[in-house]
C-alpha cells in the first residue's frame, strides 16, 4: 500500500512542478515548508488510522484522523490559498 501511495505522491509532485513551470509561478520557501508539514501530518494520520483499524480499535483510528489528519488538511488548504492569492495579485 505504501509503495502505491509513494508513486501517487511522486506523480502529483511532478505534475505540480510541471504546472508551476508552465505557468511561470513561484512558490515561496515557507509555502513549501508548510505544504510538506501538512503532507507529513496527513500521511502520518493515514498510517495510524489503518494501523489502529488493523488492531481493532476504531475509536482510536477515528480520533487520530480528527486530531492529526484535519490539521494536515488545513495546512494544505492554507498553502493552496496563499499560492492562489499571490497568482491573482501578479
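Are any of the residues in region 74-85 surrounded by 12 or more Cβ atoms within 10 Å (Cβ to Cβ), without any contact (Cβ under 8 Å) to a residue 24 or more places away in the chain, part of a helix (DSSP H, G or I) and under 15 Å from the mean Cα position of the chain (by Cα)?
Yes: region 74-85 contains one or more residues that are surrounded by 12 or more Cβ atoms within 10 Å (Cβ to Cβ), without any contact (Cβ under 8 Å) to a residue 24 or more places away in the chain, part of a helix (DSSP H, G or I) and under 15 Å from the mean Cα position of the chain (by Cα).
Tally up the residues in region 3-18 that are exposed (fewer than 11 other Cβ atoms within 10 Å of the Cβ) and either more than 13 Å from the chain's Cα centre (by Cα) or at pLDDT below 90 (or both), please. It would help to see each step written out before you state the result.
First, the residues of region 3-18 that are exposed (fewer than 11 other Cβ atoms within 10 Å of the Cβ): 3-4, 7-8, 10-11, 14-15, 18.
Remaining after also requiring either more than 13 Å from the chain's Cα centre (by Cα) or at pLDDT below 90 (or both): 3-4, 7, 11, 14-15, 18.
Residues that pass the stated criteria total 7.
The values are calculated or read from the model by the stated rules, or taken from the named source; none is laboratory data. Predicted model only: the values in this text are computed from it and were never measured. Every residue, glycine among them, receives a Cβ derived from its backbone with ideal geometry; neighbour counts consider all protein chains shown.
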